[in-house]
1. Excluding residues on the same chain fewer than 8 positions from residue 18, give the lysines whose Cα lies under 23 Å from its Cα.
2. Counting only protein heavy atoms, what percent of the accessible surface of the chain is carbon or sulfur at a 1.4 Å probe?
3. Put a dot 7 Å past each Cα toward the Cβ at residue 53 and residue 77; how far apart are the dots in nm?
4. If the chain between residue 64 and residue 19 were fully stretched, how many nm would it gain, using 0.36 nm times the residue separation less the Cα-Cα distance?
5. Skip the ligands, DNA and RNA, and give the accessible area per residue of segment 1-87 with a 1.4 Å probe, whole Å².
6. Run the helix sum for the chain: -39,500 (n - 2.57) per DSSP H stretch of 4+ residues, divided by residue count, reported at 222 nm to the nearest 500 deg cm²/dmol.
7. With point charges of +1 on the Cβ of Lys and Arg and -1 on the Cβ of Asp and Glu, referenced to the Cα centre of the chain, which listed residue (119, 8, 88) lies farthest in the positive direction of the dipole?
8. Rounded to two decimals, what ratio of Rg to Rh does segment 64-107 give with C-alpha atoms and a Kirkwood Rh?
Amino acid sequence: MNSLQIKSYRKKHALTQKKLADIAGVSIRAVQSWEQGERNISQSVIKLLNEYESKLFTNSDLKEEFQKQKILENLATDCINNWDHLMNIPLFKARMENEATKLAYEKTPEIIEKFRKEWEKSNSK
């Protein structure tokens, strides 16, 4: 397993570097070193990771959740890849603008309100 494969494995299973380190019984720094290609991954760690993956797919609930996550990831990728086309669809564009506005108000209401007041001032002149 090389640096690209270990990073791919971690992302495939939605693992943080810390979680992967816990599974492998190593430090986070070791995982970082593997991903940067600074250190090789031992065969015993590869075996542990293969066992983890095997156990993951024997639990049907986890397998189902993993499949749902992959479907959502694929959908998100398709959406990003087709964003320009989707934004030309009026209903989609309006929905995205509404969702973005809603999220902006939830995350930063005071900034939005300040911007709105400044905008109103500039338009009233």
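The values are calculated or read from the model by the stated rules, or taken from the named source; none is laboratory data. Values in this document were obtained by computation on a predicted structure and should not be read as measured data. As a convention, Cβ positions derive from the backbone with ideal geometry for all residues, glycine included, and neighbour counts pool all protein chains shown. These accessible areas exclude ligands, DNA and RNA; they are computed on the full protein's heavy atoms, side chains included. Shrake-Rupley method; radii C 1.70, N 1.55, O 1.52, S 1.80 Å.
1. Those lysines meeting the cut-off are 7, 47, 55, 63, 70.
2. Ligands and nucleic acids excluded, carbon and sulfur reach 55 percent.
3. About 1.6 nm separates the two model spin labels.
4. 14.2 nm
5. Here the per-residue accessible area is 69 Å².
6. The helix-only estimate for the chain comes to -25000 deg cm²/dmol at 222 nm.
7. Of 119, 8, 88, it is 119.
8. Computed over Cα atoms, the ratio is 1.10.
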